[in-house]
Amino acid sequence: SDYEQLGYNLRINLFQGGPLKSRSLMRDSYTLDVFQKAVIDPRHWHGRTVSELGRWYEKYFLDLNVQKAMKEKYG
């Protein structure tokens, strides 16, 4: 019956999850020293630079979150 078939499908593990060790084409293409020599610059990522406006918005939203937390804690 449909009920038996549904129970069978729920008892077996159809969705076994992802692999325990992930693989990446980029990691497989380069040797380890390329990643060790890489310098991460927070102001220049993915070809974009963080502008003054971006830094202003970051500070603005941080300030809003602090104000909200203070209002929740102290009323």
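The values are calculated or read from the model by the stated rules, or taken from the named source; none is laboratory data. These numbers come from a predicted model, not from an experiment. Cβ sites come from the backbone with ideal geometry, for glycine too, and all protein chains shown count toward neighbours. These accessible areas exclude ligands, DNA and RNA; they are computed on the full protein's heavy atoms, side chains included. Shrake-Rupley method; radii C 1.70, N 1.55, O 1.52, S 1.80 Å.
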Could you tell me the accessible area of Glu58 in Å² (1.4 Å probe, neighbours in place), rounded to the nearest ten? 120
What distance in nm lies between label points placed 7 Å from Cα along the C-beta direction at Thr31 and Leu64? 4.9
